[in-house]
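Each remark here refers to the structure printed beneath this line.
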Amino acid sequence: MILVIAEHRQGELNRATWETVVAAQLLAERLGGLPVNVAVPGATGSAAQELAAAGIGDVVTLVDPALEAYTPDAYVMALTGVVASMSPRFVVLPHTYQARDFVPALAARLNKPLITDVTAIAGTADAPTFLRPMFQGKLAAQVRPMGEPPCFVTFQLGAFRADQVKKSSTQSSVTNLAVTIARSAIRQVPEVPFQEAQRAVDLSQAARIVAVGRGIKSKEQLPVAESLAKALGAEIAASRPICDSGWLPMERQIGSSGQTVAPKLYLALGISGAIQHLVGMKGSRTIVAINKDADAPIFEVADYGIVGDLFEIVPAIVAELEKK
Amino acid sequence: MKIAVCIKQVPTREWQPRLRDDKTWIREQDVSYEMNEPDAYALEEALRLREKHGGEVVVCSAAPARVQQILREALARGADRALHVEDDALAAADACVTAGALAAAMAEEKFDLVLTGLQSDDQGHAQTGVILAERLGIPHSTIIMEVQVEDGRLRVKRELEGGWFQWIAMPLPALLTIQSGINQLRYATLKGIMAAKKKEIRTVPLAAGLQRTQQIVALAMPSRAKQTQMIGGAASEAAKELVRRLREEARVL
Amino acid sequence: MNRDTLDVDVLIVGGGPAGLSAALRLAQLQKQRGGDPVSVAVLEKARDAGAHILSGAILDPSALHELVPDFRQKGAPLVADVRRDRVYFFTEKNSLRFPVVPPPLRNHGNFIISLNAFVKWLAGSVEAEGIDVFAGFAGRDVLIEGDRVIGVRTGDRGVDKHGERKAAFEPGVDIRAKVTIFCDGVRGNLTKELLRRFQLGRGRQPEQFAIGIKELWEVQPDRVEAGTVIHSMGYPLRHDEFGGGFIYAMPEGRLSVGFVAGLDYQDPLFDPHMAFNRFKKHPFVAKLIDGGQMIRYGAKALPEGGWNTIPRPYMNGALIAGDAASFLNSMRLKGIHLAMRTGMLAAESAFDAVRSGDTSAAGLASYQEKIETSGVKTELYPVRNVHQAFGYGLFAGLAFAGVNLLTRGRWPEDLHGHPGHERMKTLTWYYGSKPASLAPSHALSADRRLTFDKLTNVHYSGTAHDEDQPSHLLVHTEVCGSICGAEYGHPCTRFCPANVYEIVHETTSGPRLQINASNCVHCKTCDIMDPYAVITWVPPEGGGGPQYNGM
């Protein structure tokens, strides 16, 4: 059995949990068709029902007042018992900040392996392996867990597509599992989360990025790219020469001397693709390059390429997007 | 306050990956190393806490002998002494082994506060700090952007995703993993470098019996399986086709 | 401002072969002679010793034998013994092998090394003697009191690109020394200042330079046997251009592939990096590296002028050693042993001067005598005219070199050189009329297999600087927009091997020079070759620069 530990905020499941369900289903398949179960710590709201409705597999909710506000101590205590009693072969989670906060302690307490930030599953049914980036993405490692199961795995956000969940029309069962957590054993006292105005532009969190290069020709032409960013709900970014010229602030620079990003969609407008730029964006899921030079190296990393005048093509894309 | 900072030595950001012949680890001969960036911020935070609350800062690392380069650097920046668990096998150790090695060497020191970077720029497990807290039996919190110490208790600002934050309180002793950018790093000074030569680096052997929990079967340059699809035609046609493919094939719109 | 000071007996500026040999020799003298300890410090602008050093490199071990007799036991990183020498003359399509290797290019007994690894090893030996090697600290200014050098001020750190102090601002430190030994390398920024202030070049010939560009390649190990040393002349250079190519074969299929071009060319559209690319496309070179992988890149100027261009290397309170004072044998293409040797000699004079209490120019003049009576002069004096002879063209130079060998350097009157940048011609002079394009002469586009554009190459040099600091290339940009374009067509965009200089044509205004200072690989070519001499290279914030691991 593969156990997914769901993540939610006040009962609302996050997208990463669905991605993890997809990864779990792929792993289950590779292992010869194992069942997938889901545990929802501190379940409130509709999280458990939503999962059950998808018919993925048995849903277990862990209920205790101590699990209402997340703390690593309470989660580790609750899940240690659950994992031990359910004996899954793999316990899988999304590689979120929350998972990073408690899963290493959970796995260590059980003396089990934890493989983090996994982007793909490989290997055989007997010896599955996991692909994960190392050296800041410069290398991809194939990693094999050692020792007895269960093995914990966290999956990189966006590595699997949430919309590929294999749902079943049969509703899964939901079991409430009472866990007892001694409140006095919880050492962290959390306060209410709050949002803060970002101090700087954090392009690494952007889902879509429209990046401009020298091909934009002058600062006065930037609105061409900005209109596309607006139509896509994307952040605007740039290659080095643009920021060096002061057309955009330095924090919007992508590349070896700027930020490293991996959005779902990266549109490169008039960027030739110097290696210094490529190292900052080649991990993007889908890359579109628009450049008038058919030999520009950017096309080597692009999924979609258009050779032509960006001042004609970009407004056409904006018009197309606004059609709907 | 007695503060430990765990630091790791990683290849510099400019390093171009080269693989060992067996393709399970990097070719170390040509690598130049530096202090893992988040660890440098952890060290700076420790120095600031010491300046405010007094006490001692001890840098700790579980690594081959080459790590003395960054231990010296940390001493030059102001750490008081260093603790080095030395073993060649630690170069490519997983987080469990590294944390276990550190825990064994650090336990008797009874630190009030242990700081680590949130993850390393080499293997990037993002586990060592949390496992170390577990092994030392102390509470922890991760990805910290501010540290306050009052009446023997900690209050720390933890970063959540998407611009959200949360304050967490906990008793000392405790472990925190520090986020890059929490403070402004200081430069090592000439006087600091000279003073560092007189500071102690205590070397201890790797504790026996630490088991690896994972094995690197293969390392490779990330491959790109996708083929570039060129879209031709007049601007309006190309735009239309691109938007269609982004919606239907790539499904990113 | 609260500026720290540090007092030492001997300060060595520059942690290369010269500076580190000087430091090691001082430690040895201290041990041999005993007495009050002479305090020594070494400044190095690179983050780690060796990170900014670049050479072919072939080591003549003569100085090493003397400095560290048991260098093998001490683990000196010597990559391969030289087993065979080959010299070729290249035409565009063919290569003609010299039937006999000219004696200066015979390398029996020498070693192929990575100078980066060698310098790291030397630095380790120096630190093991208890001497501080302050890496990441650049000498920014010479401290002068009256007519005497009293030390060096290191650069401020933590200054933003507008010159404002950042929160972590750390002022530079005044390091005061009884004797400062300047080993700041080819066209050292501090030695340049000394030459000007104390007119050390008076009565000497103008310095001569070349630029060396090198890549490290990994190819199939059976292509060239390790220990093979190949030199080429001729193509892609024209007969009035000085220089040539080199390929040194190391174990495991590693090749050091490089090209040296004299910084005294006439064609304002000449581009040394382009010459390097054309060299790699020559059938002889291409077949060696095809299918291989370029793994590192770097560039550095080298002093070529020889004996007659060496400035007076001693003054009140200071000595100059190594490349900084042009101690390089351009005929043998070797300078490491001379850097080490002059560093050792400088250390001996400095040690005696500190002990005797006379560190004036008179007290330090023994350095000059040691140079005159040592192997340095024996090696450099006979070939003093050879580089200058190449000023008359390749064939004149080769003929002269041949005759010079027979006469053992006897020649009625010494030949005179001219500062290289003054030899550059204007576009209209060289081309008759202004050429339609300012592309480098014989431009070919990078194939990204054998040849690369400069920006890609820079990536492989590992170069990094803090982005938020003032430009460390001080340029009087008024000539760029006014006369340079018309006269020389912005040659900085071509002679720089790292794409630091770019002319940006904006719609509103005319051409503007954009300085991409963080690409700079510290080769010093711009400081040397600018025809108006309006570019001054000063050290960026300590630690910034290339990372020449394995180079």
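One line per residue, one yes/no per condition, for (1) more than 9 Å from chain B (Cβ to nearest Cβ); (2) over 27 Å from A:Met86 (Cα atoms); (3) exposed (fewer than 14 other Cβ atoms within 10 Å of the Cβ); (4) in contact with a helix residue (DSSP H, G or I) (Cβ under 9 Å, 6 or more places away or on another chain):
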residue: A:Thr124; (1), (2), (3), (4): yes, no, yes, yes
residue: A:Ala140; (1), (2), (3), (4): no, yes, no, no
residue: A:Asp163; (1), (2), (3), (4): no, yes, yes, yes
residue: A:Lys167; (1), (2), (3), (4): yes, no, yes, yes
residue: A:Val174; (1), (2), (3), (4): yes, no, no, yes
residue: A:Arg183; (1), (2), (3), (4): yes, no, yes, yes
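Does region C:88-101 include one or more residues that are among the β-branched types (Val, Ile, Thr) and without any contact (Cβ under 8 Å) to a residue 40 or more places away in the chain? Within region C:88-101, one or more residues are among the β-branched types (Val, Ile, Thr) and without any contact (Cβ under 8 Å) to a residue 40 or more places away in the chain. Testing B:Ile178 on (1) within 22 Å of the chain's Cα centre (by Cα); (2) at pLDDT 95 or above; (3) more than 14 Å from chain A (Cβ to nearest Cβ), one condition comes back false. Which one is that? The single condition B:Ile178 does not satisfy is (3). If you check B:Ala208 against the conditions, is it in contact with an Asp or Glu (Cβ under 8 Å, 6 or more places away or on another chain) and more than 7 Å from every other protein chain (Cβ to nearest Cβ)? Against the criterion (in contact with an Asp or Glu (Cβ under 8 Å, 6 or more places away or on another chain) and more than 7 Å from every other protein chain (Cβ to nearest Cβ)), B:Ala208 does not qualify. Scanning region A:301-320 for residues that are of a type in the set (Gly, Ala, Ser) and over 18 Å from A:Gly213 (Cα atoms), we see that the one that is nearest to the other protein chains (Cβ to nearest Cβ) is A:Ala316.
Taking strands (runs of 3 or more DSSP E) as the structural unit, no element lying wholly within region A:233-296 holds at least 3 residues that are in contact with a Ser or Thr (Cβ under 6 Å, 6 or more places away or on another chain) and among the acidic types (Asp, Glu). No other residue among A:Leu278, A:Leu265 is more than 7 Å from chain B (Cβ to nearest Cβ) and under 17 Å from A:Ala237 (Cα atoms) apart from A:Leu278.
Residues that are on the phi > 0 side of the Ramachandran plot, outside any helix (DSSP H, G or I), touching a helix residue (DSSP H, G or I) at 6+ places or on another chain (Cβ under 9 Å) and surrounded by fewer than 19 Cβ atoms within 10 Å (Cβ to Cβ) do not occur anywhere in region C:463-480. Count of region B:204-253 residues, restricted to those that are in a loop (DSSP other than H, G, I, E, B) and over 23 Å from the mean Cα position of the chain (by Cα), is 17. The residue pairs whose first member lies in region C:373-398 and is surrounded by 15 or more Cβ atoms within 10 Å (Cβ to Cβ), whose second member is part of a loop (DSSP other than H, G, I, E, B) and among the polar types (S, T, N, Q), and whose beta carbons are closer than 8 Å, counting only pairs six or more residues apart or on different chains, are C:Val383/C:Ser330; C:Val386/C:Ser330; C:His387/C:Gln208; C:His387/C:Ser330; C:Gln388/C:Gln205; C:Gln388/C:Gln208.
Here A:Phe155 clears all of (1) buried (at least 22 other Cβ atoms within 10 Å of the Cβ); (2) within 26 Å of A:Ala69 (Cα to Cα); (3) at the interface with another protein chain (Cβ under 9 Å from one of its Cβ atoms) except the condition numbered (3).
This table checks each residue for (1) more than 8 Å from chain A (Cβ to nearest Cβ); (2) not aromatic (Phe, Trp, Tyr).
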residue	(1), (2)
B:Leu136	yes, yes
B:Gly163	no, yes
B:Tyr187	yes, no
B:Ile193	yes, yes
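Considering B:Ile201, B:Ile168, the condition of being within 26 Å of the chain's Cα centre (by Cα), more than 9 Å from chain A (Cβ to nearest Cβ), at pLDDT 95 or above and within 30 Å of B:Glu45 (Cβ to Cβ) is satisfied by B:Ile201 alone. Is there a residue in region C:534-551 that is on the phi < 0 side of the Ramachandran plot, more than 12 Å from every other protein chain (Cβ to nearest Cβ), touching a Cys at 6+ places or on another chain (Cβ under 8 Å) and among the polar types (S, T, N, Q)? No, the conditions are met nowhere in region C:534-551. Just to verify a result, which residue in region C:166-182, among those that are out of contact with any helix residue (DSSP H, G or I) (no Cβ under 6 Å at 6 or more places or on another chain), within 20 Å of C:Val538 (Cβ to Cβ) and within 12 Å of chain B (Cβ to nearest Cβ), is surrounded by the most Cβ atoms within 10 Å (Cβ to Cβ)? My answer is C:Ile175.
Can you spot a residue in region C:442-453 that is among the basic types (Lys, Arg) and either outside any loop (DSSP other than H, G, I, E, B) or in contact with a His (Cβ under 7 Å, 6 or more places away or on another chain) (or both)?
Within region C:442-453, not a single residue is among the basic types (Lys, Arg) and either outside any loop (DSSP other than H, G, I, E, B) or in contact with a His (Cβ under 7 Å, 6 or more places away or on another chain) (or both).
Just need a number here: residues in region B:52-71 that are under 23 Å from B:Leu113 (Cβ atoms) and surrounded by fewer than 21 Cβ atoms within 10 Å (Cβ to Cβ). Total satisfying the criteria: 5. Annotation note: of C:Ser461, C:Ser445, C:Ser509, the sole residue that is within 14 Å of another protein chain (Cβ to nearest Cβ), under 24 Å from C:Ala210 (Cβ atoms) and among the small types (Gly, Ala, Ser) is C:Ser461.
When region A:137-194 is filtered for residues that are assigned to a strand (DSSP E or B) and either over 21 Å from the mean Cα position of the chain (by Cα) or over 29 Å from B:Ala95 (Cα atoms) (or both), the ones remaining, listed by number, are A:Arg144, A:Pro145, A:Val174, A:Thr175, A:Asn176, A:Leu177, A:Ala178, A:Val189, A:Pro190, A:Phe194. Here C:Ser433 clears all of (1) under 30 Å from C:Asp147 (Cβ atoms); (2) modelled with pLDDT under 95; (3) not in a helix (DSSP H, G or I) except the condition numbered (1). Check whether at least one residue in region C:142-151 is surrounded by 15 or more Cβ atoms within 10 Å (Cβ to Cβ) and within 13 Å of chain B (Cβ to nearest Cβ), and report yes or no. Yes; the residues of region C:142-151 include at least one that is surrounded by 15 or more Cβ atoms within 10 Å (Cβ to Cβ) and within 13 Å of chain B (Cβ to nearest Cβ).
One residue stands out among those in region C:464-495 that are within 14 Å of chain B (Cβ to nearest Cβ) and within 25 Å of the chain's Cα centre (by Cα): the one that is nearest to C:Leu237 (Cα to Cα), which is C:Ala464. Return yes when A:Arg214 is under 24 Å from C:Val458 (Cα atoms), surrounded by fewer than 20 Cβ atoms within 10 Å (Cβ to Cβ) and away from chain B (no Cβ under 14 Å) and no when it is not. So A:Arg214 passes the test.
Taking the numbered list (1) among the acidic types (Asp, Glu); (2) modelled with pLDDT of 95 or more; (3) over 17 Å from C:Met315 (Cα atoms) in turn, C:Asp358 passes all entries but (3).
Does region A:57-105 hold any residues that are buried (at least 19 other Cβ atoms within 10 Å of the Cβ) and among the small types (Gly, Ala, Ser), and which are they? Residues satisfying the conditions are A:Gly57, A:Ala66, A:Ala74, A:Ala78, A:Ala99, A:Ala105.
The values are calculated or read from the model by the stated rules, or taken from the named source; none is laboratory data. As the structure is a prediction and not an experimental result, all values here were calculated from the model. Cβ: placed from backbone, ideal geometry, glycine included. Neighbour counts: every protein chain shown.
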